[in-house]
Amino acid sequence: MNHTRAISLTELSVDNHATILAFNVGTVEATRLVSLGFTPGAEVSMSQNYGRGPLIVTVRGTRVALGRGEAAKIVVARSAE
């Protein structure tokens, strides 16, 4: 599996895929993200990222809206196409 450098989820462009590597959050926030399906190793696909406002990503077959601040704390590796 080839990955480029680690980036925050907010840097992922629309229609790109990435693998979740880690979270830069506390226990409560991490628990919430895990309950939404954001677990290390899971693939995410960016559906909406206008550069401001919330993001919409698909993770484990479910579309999830995340605030930009929360998404910035999710570290991903862009999948090689």
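Please treat every number below as a calculation from the coordinates, not as lab data. Since this is a predicted model, take the numbers as computed values, not measurements. Backbone-built Cβ (ideal geometry, glycine too); neighbour counts: all protein chains shown.
General observations
- Only Lys, Arg, Asp and Glu carry charge here, each on its Cβ (+1 for the first two, -1 for the last two); on that basis the chain has a dipole of about 140 debye about its Cα centre.
- Other residues lying with their Cβ under 13 Å from the Cβ of residue 32 contribute a combined charge of -1, Lys and Arg counting +1, Asp and Glu -1.
- Region 28-81: proportion of alpha-carbon pairs further apart than 16 angstrom, %: 39 percent
- Rounded, prolate or oblate (a/c below 1.5 giving rounded, otherwise prolate when a/b exceeds b/c) for region 1-67 by Cα gyration tensor: rounded
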